[in-house]
Amino acid sequence: MSRQMHARRLEGIDKNIWVEFTQLAADYQAVNLGQGFPDFAPPKFLQEAFCKAVSGGGLMHQYTRAFGHPSLVTILAQLFGRLVGHEIQPLEDVLVTIGAYQALFCTFQALVDEGDEVIIIEPFFDCYQPMVKMAGGKQVYMSLRPVRKELQVIADLCIKHDVVCISDEVYEWLTYDGAKHVKIASLAGMWERTVTIGSAGKTFSATGLKVGWAIGPSRLIKHLKTVHQNSIYHCPTAAQVAVAEGFQTEYDRLGHPESYFQQLPTLFTHKRNKLAACLEIVGLRPTLPEGGYFMIADISSVSFDSDDSISQDEPLDYRFVKWLIKKKGLAAIPVSAFYSPEHGKEVQNYVRFCFTKDSTLNAAEDILKKWASEK
């Protein structure tokens, strides 16, 4: 057929950084420190909760409440109400989704109108751009660090200009060295204008569950529900029940040493420090993250010769990552991929590594030590 078959809103969003570099890493059988999901099991109490749910009778395998199983929205409202200092109505202020990804999609589709400007803070998760474009919004980019002082400035501007804040907080429990995550919805005047996105996959190291949520005032969440009910409609029942029990366990342990939310950062601190030490031996200069399980490293002091198959027109970080994959067998992700084209040139000297998996971390250590010995 000669006529255009795709919708115009899809134009320019077909390229994906993950597809390109995952395929390149596979082609060269490289150790992949680019993408992140754990290679270890979720906490035992969550596994037991899931087993209990799937064997809990016929209703566990049928549809449940479209906007979230009652047990899950109830514990989410209790926990996050405690964190933001606001009473959350479980049936009105919470929407359960197929992972945080769907929560983001519903939020953009529900709240962004044609021509609306959407301020995206850099570096950003790469799905924000295409989701905003599909909703008809116009992306506006700003580079900031999410410290409390800057969050307060954002909050003040949101209140002054009556702006909605969409806060993706999937790594909220994974902070290091005494750093504390500040929920922007907890700041004065922000609850009524903030949609907070969360993920059970990131919270409990169980990305395969694909359970996420959006929490905010009912006047905003009701519009997300409209998108949800006309697209996904229901989320898996057993997974929601398991996550609800997992959160109930953690709610009872909150602030205590036996809490998984306390133990997981300790585990990742060791992984983080190990990767940083390995990168330093080859001349890369890592920045220790205060949260999440990704680390950026400055490549400016490392010389490399890219071959003819790597376009010299590409940004430096893209060329370095392709050289790293092809010549050293180690995969990373260029940091400029998480910036707008106009700002990406400012971060071309940085690449991103993931320190989630012990198996890839150990293999990467061997590669980096071998590289160092060749210098």
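What follows is calculated from the coordinates using simple rules that are stated; it is not laboratory data. All values reported here derive from a predicted model rather than from experimental measurement. Don't worry about glycine lacking a Cβ; one is built from the backbone with ideal geometry, like all the others, and counts go over all protein chains shown.
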Determine the dipole magnitude for the chain: charges of +1 sit on the beta-carbon of Lys and Arg, -1 on that of Asp and Glu, nothing else is charged, the reference point is the Cα centre, and the result goes in debye to the nearest 20.
400
One computes Rg over Rh for segment 35-104 from alpha-carbon atoms, with the Kirkwood Rh, and obtains 1.01
Once the Cα gyration tensor of segment 44-253 is diagonalised, what are the square roots of 5 times its eigenvalues, in whole Å and ordered largest first, as equivalent ellipsoid semi-axes?
28, 20, 15
Based on the alpha-carbon gyration tensor of segment 127-252 and its eigenvalue square roots a ≥ b ≥ c, which shape applies: rounded if a/c is under 1.5, prolate if not and a/b is larger than b/c, or oblate?
oblate
Only bridges whose two residues both fall in segment 44-253 count here: according to DSSP, what percent of them are antiparallel, nearest 5?
45
Per-pair calculated FRET efficiency, R0 = 41 Å: Ser301 and Gln89 via Cβ, rounded to 0.05:
0.15
List the residues whose amide H sits under 5 Å from the amide H of Thr97, counting only those 5 or more places along or on another chain, with H placed 1.01 Å from N in the peptide plane.
Gly212, Trp213, Ala214
Sorted by chain and number, the residues with a modelled amide H under 5 Å from that of Asp116, at a separation of 5 or more or across chains, are Lys138
From the C-alpha coordinates alone, can you work out the Kirkwood hydrodynamic radius of the chain, in Å?
22.2
Which residues in segment 3-28 have a backbone N closer than 18 Å to a point placed 7 Å from the Cα of Glu117 along the Cα-to-Cβ line?
none
Provide the per-residue ³J(HN,Hα) series for segment 189-197, in order, calculated from phi with Karplus coefficients 6.51, -1.76, 1.60 and θ = phi - 60°, each as a whole number of Hz, with x at glycine and proline positions.
x, 9, 4, 6, 10, 10, 10, 9, 9
Note down the nm distance, to one decimal, between modelled labels 7 Å out along Cα→Cβ at Tyr233 and at Thr22.
2.8
Of Ile119, Ser199, Leu151, which is farthest along the charge dipole of segment 44-253 in the positive direction, counting Lys and Arg as +1 and Asp and Glu as -1 at C-beta?
Ser199
Highest average packing first - 321-328, 240-247, Cβ atoms within 10 Å:
240-247, 321-328
Which ordering of Cys278, Cys106, Cys127 is given by a fewest-first count of other beta-carbon atoms within 10 Å?
Cys127, Cys278, Cys106
In whole angstrom, how far apart do the alpha carbon centroids of segment 244-279 and segment 282-334 sit?
29
Can you give the helix-only mean residue ellipticity at 222 nm for the chain, where every DSSP H stretch with n ≥ 4 adds -39500 (n - 2.57) and the sum goes over all residues, rounded to the nearest 500 deg cm²/dmol?
-12500 deg cm²/dmol
Can you tell me the dipole magnitude for segment 44-253 around its Cα centre, using point charges on the Cβ only (Lys, Arg +1; Asp, Glu -1), in Debye to the nearest 20?
300
Tally Lys and Arg at +1 and Asp and Glu at -1 over the other residues with C-beta under 13 Å from the C-beta of Cys235: what net charge comes out?
+3
DSSP-defined antiparallel bridges as percent of all bridges, the chain, nearest 5:
60
I'd like to know which of Leu187, Val94, Val54 lies farthest towards the positive end of the charge dipole of segment 44-253, counting +1 on Cβ of Lys and Arg and -1 on Cβ of Asp and Glu.
Val54
Amide H of Asp168 versus every other amide H placed in the peptide plane: which residues, excluding those fewer than 5 positions away on the same chain, fall under 5 Å?
Ile197
How far apart, in nanometres, would the label points at Val140 and Asp177 be if each is projected 7 angstrom from Cα along the Cα-to-Cβ direction?
3.3
Give me the number: length gained by fully extending Gln312 to Ser373, i.e. 0.36 nm times residue separation minus the C-alpha to C-alpha distance, one decimal in nm.
19.1 nm
